[in-house]
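Scroll down for the structure; my scribbles are underneath it.
The values are calculated or read from the model by the stated rules, or taken from the named source; none is laboratory data. Worth saying up front: this structure is predicted, and the values here are computed from it rather than measured. All accessible areas refer to the heavy atoms of the entire protein, side chains included, with ligands and DNA or RNA removed. Shrake-Rupley method; radii C 1.70, N 1.55, O 1.52, S 1.80 Å.
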Amino acid sequence: AGRLAYQGHTRSYALFGQASYTPPILNDNLELTGGIRYTIDKKRLSTQIYKNGLPPPIASDQGKAFRNTSFNITANYKFTPTVSAYARFGTGYRSGGYSPRAFDGAAYNPEKAKVYEFGIKSELFDRRVRANLAVFRTDYSNLQITQPGFSNDAGLVNTVVNESKARYQGFEFELPA
């Protein structure tokens, strides 16, 4: 095996906006919030393998742009000034890219997520006790996993691969006094 040298370059651009609105219904206790984000990630990877101390006979230069639009919608309702409930749906994104040690490997795809969350927030007994409950679920597509492997050119390497789908779900209860 030879010695591997690589150089990466990343540029990321994003535009984000968010707005909240309290409709003149339900005694102004409902607040609706929406947000949107547009992202462009440009990635470039140059890889060279030096064998026997000689200049690199093998070189690789790869580049790719990844684009995504994500959004978030939340509805929050105040039952009282100290007790509210909310529901949220949002999407998320993690850029694709390259595994530098996997010489001349294909790019891995962006990871995407859909997030569902419902909860209750409260401050009780003259704000001496806080009781919060949240139930959540995140559905991933193209989940990015780091996987060990072997390359004839670079030896033992870790590469990022995409799994098809994954789901994380649970709940959280908080009761500080």
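Length gain on complete extension for the stretch F150 to D61, per 0.36 nm per residue less the alpha carbon to alpha carbon distance? Intermediate results must be reported in sequence, preceding the final value.
Working: separation 89, 0.36 × 89 = 32.04 nm, distance 2.05 nm.
Result for the pair: 30.0 nm of gain on full extension.
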Report summary line: Filtered hits (lysines, Cα-Cα < 25 Å from K64, offset >= 8 within chain) -> K42, K43, K112, K114, K165
**Report entry** Of I145, I49, I25, the one that fluctuates the most in a GNM where the chain has Cα springs shorter than 10 Å
**Finding:** I25
**Report entry** the chain - accessible surface per residue (Å², probe 1.4 Å)
**Finding:** 66 Å²
Report summary line: Per the rule of 0.36 nm per residue minus the C-alpha distance, extending L175 to A85 adds in nm 30.8 nm
Query raised in the report: Pick from P24, P100, P110: which residue has the top mean-square fluctuation in a GNM of the chain where Cα pairs under 10 Å get a spring?
Result: P24
